[in-house]
Amino acid sequence: MKILVPVKRVVDYNVKVRVKSDNSGVELSGVKMSINPFDEIAVEEAVRLREAGKATEVIAVSCGGAASQETLRTALAMGADRAILVEADVELQPLAVAKLLRAVAEREQPRMVICGKQAIDDDANQTGQMLAALLGWSQATFASRLLVDGDAGIQVTREVDGGLEMVAVKLPAVVSADLRLNEPRYASLPNIMKAKKKPLDIVTAAELGVDVTPRLRHTHYAEPPARKGGIKVADVSELVRKLCDEAKAI
Ligand code: AMP
């Protein structure tokens, strides 16, 4: 079975994000960008399935500018077999990405798409669900365990508010990876070198016939309010008094 893994280029999770001085967006110039961490987990899961003989090919796909090739090379270095860049130079919102991924899925005919549960830049948590709806496929979101039952179905353990939920899902399906699904491997230097030679195809959104015009307009970005510093109290009775008198007023 072929597995498609959508990977997004996002601001690295170690970077302290700053809002632009005119509040029109987030400062991206000179900022370290990386593969979305949940997508790294999705790539790892797909590669493990191929290594276990349960998948035949892992295809990484990224939608965005030319720089997203770097993100695809990371996925290739982790073990993906080939990559597709869907090039678009406008801001891509989740619905546009879902439509682009549907077009790629219709061309490639994978049995499963494993995406991240959310992108850490927009925290939208929408693309996988929209993709499943557009394709009319089953979906299993927030996966912390994934078992493949031959070519017919999969069993997914989902992380839900009250605990864990086990679902049996018919293929084809879209699965979204949660944090505890696995621990992604580090790409070794030889694999980084090998990844440079793996196939990376480029298509444009127009070639896929998808209108990616943004539907939402961002009006204003702002930093969260600065947190006030803590205080020290002399003893427990002062702490209790403050909790009773002052915390109540907040
Ligand atoms: P989101 O709905 O934006 O939180 O993203 C959820 C998941 O959809 C991500 O973890 C990726 O797997 C996938 N995704 C979102 N945007 C893109 C993109 N531009 N290119 C490829 N995959 C994406």
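Overview of results
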| quantity | calculated |
| --- | --- |
| ³J(HN,Hα), Karplus 6.51/-1.76/1.60, whole Hz, each residue of the stretch 106-123, x for Gly, Pro | 5, 6, 8, 6, x, 8, 8, 10, 10, 10, x, 6, 7, 8, 6, 8, 9, 6 |
| Computed [θ] at 222 nm, deg cm²/dmol, the chain (DSSP H ≥ 4; -39,500 (n - 2.57); rounded to nearest 500) | -8000 deg cm²/dmol |
| Ratio Rg/Rh, restricted to the stretch 125-241 and using Cα atoms, in which Rh is the Kirkwood radius | 1.17 |
| FRET efficiency, 1/(1 + (r/R0)^6) with R0 41 Å, evaluated for residue 236 and residue 122 via beta carbons | 0.40 |
| Part-to-part distance (alpha-carbon centres) for the stretch 66-119 and the stretch 184-250, which is given in Å | 21 Å |
| Ascending count of other beta-carbon atoms within 10 Å, so fewest first, for 188, 138 | 188, 138 |
| Cβ charges +1 (Lys, Arg) and -1 (Asp, Glu), total dipole of the stretch 84-199, debye | 600 debye |
| Zone of residue 56's modelled label, taken as backbone nitrogen in the stretch 74-101 under 18 Å from a point 7 Å along Cα→Cβ | 80-83 |
| Beta bridges per DSSP with both ends in the chain, % antiparallel, nearest 5 | 40 percent |
| Chain lengthening between residue 149 and residue 13 when straightened (0.36 nm per residue, less Cα-Cα) | 45.5 nm |
| Angle in degrees between helix 68-78 and the longest Cα principal axis of the chain, rounded to the nearest 10 | 80 degrees |
| Nitroxide proxy distance, nm - points 7 Å out along Cα→Cβ at residue 20 and residue 185 | 4.0 nm |
| Residue exposure sequence - 76, 164, 179 - by fewest surrounding Cβ within 10 Å | 164, 179, 76 |
| Global geometry of the stretch 48-114, whether rounded, prolate or oblate, following the gyration tensor of its Cα atoms and the 1.5 cut on a/c | oblate |
| 0 to 90° range, to nearest 10: angle between helix 37-51 axis and the chain longest Cα axis | 40 degrees |
| Ascending count of other beta-carbon atoms within 10 Å, so fewest first, for 193, 33 | 193, 33 |
| Max mean-square fluctuation residue, GNM over the chain, Cα-Cα springs under 10 Å, options 236, 26, 11 | 236 |
| Selected from 30, 79, 229 as most flexible by GNM, with the chain as the system and alpha-carbon contacts under 10 Å | 229 |
| Extreme residue, positive dipole direction of the chain, given options 157, 125, 47 (C-beta unit charges) | 47 |
| Dipole magnitude of the chain, debye to nearest 20 (Cβ charges: Lys/Arg +1, Asp/Glu -1, about Cα centre) | 320 debye |
| Column: log10 I(q)/I(0), Debye, Cα scatterers of the chain, q = 0.13 Å⁻¹ | -0.82 |
| Unit charges at the beta carbon, dipole of the stretch 129-218: most positive-side option, 167, 134, 213 | 213 |
| Among 146, 49, 28: highest mean-square fluctuation, GNM of the chain, C-alpha pairs under 10 Å | 28 |
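Read the figures in this text as sums done on the coordinates, not as results from a lab. Note that the coordinates shown come from a computational prediction; the quantities given were computed from them, not determined experimentally. Positions of Cβ are generated from backbone atoms using ideal geometry, with glycine treated the same way; all protein chains shown enter the neighbour counts.
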